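Here is the structure we will look at, set down as C-alpha cells.
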C-alpha cells in the first residue's frame, strides 16, 4: 500500500511540475511602470524586512509607481517610496471586491 501511495504522489508531483513549472522568458527591453505588493499579514517584523525593497526599487527606477494592498496602512503611510496604499479590511470579501474594482481602473 505504501508503494502505491508513494508512486501516486510521484505522479502527482511530476504532473504538477509539467503543468505549472513552465519558465517564461522575459523580453530584455521591458520597462516596468508599476508594481503592486499584497501585504495582508500586518506584522511589523515582516514589514521591516520587506521595507528595503521599496527603497531599492525606487533607486533602480525613480519613475516606478509602487502600490501596496494592506489591512493596516499605519506601517506603510509614512514610507516615502510607496506611491499608493489600498487598505482592505481583514475577512471582508466585499472590501476586497471594491478594492479589486478600484485597482482595475488604475
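The values are calculated or read from the model by the stated rules, or taken from the named source; none is laboratory data. Just so it is clear, the model here is predicted, and its values are computed rather than measured. In this analysis, Cβ positions are derived from the backbone assuming ideal geometry, glycine residues included, and neighbour counts consider all displayed protein chains.
Structure data summary
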read-out	value
Pairs where the first residue, in the stretch 22-49, is under 21 Å from residue 100 (Cβ atoms) and the second is part of a strand (DSSP E or B) and at pLDDT 75 or above, C-beta under 6 Å, 6+ apart	34/65; 35/66; 36/67; 37/68; 38/69; 39/68; 39/70
Selected residue (only one of 8, 15, 103 is surrounded by 10 or more Cβ atoms within 10 Å (Cβ to Cβ), part of a helix (DSSP H, G or I), out of contact with any helix residue (DSSP H, G or I) (no Cβ under 8 Å at 6 or more places or on another chain) and touching a residue at least 40 places away in the same chain (Cβ under 8 Å))	103
Subset of the stretch 62-81 (residues that are in contact with a strand residue (DSSP E or B) (Cβ under 6 Å, 6 or more places away or on another chain) and over 15 Å from residue 52 (Cβ atoms))	65, 67, 69, 70, 73
Among the candidates 89, 98, residue that is part of a helix (DSSP H, G or I) and either surrounded by fewer than 15 Cβ atoms within 10 Å (Cβ to Cβ) or touching a residue at least 40 places away in the same chain (Cβ under 8 Å) (or both)	98
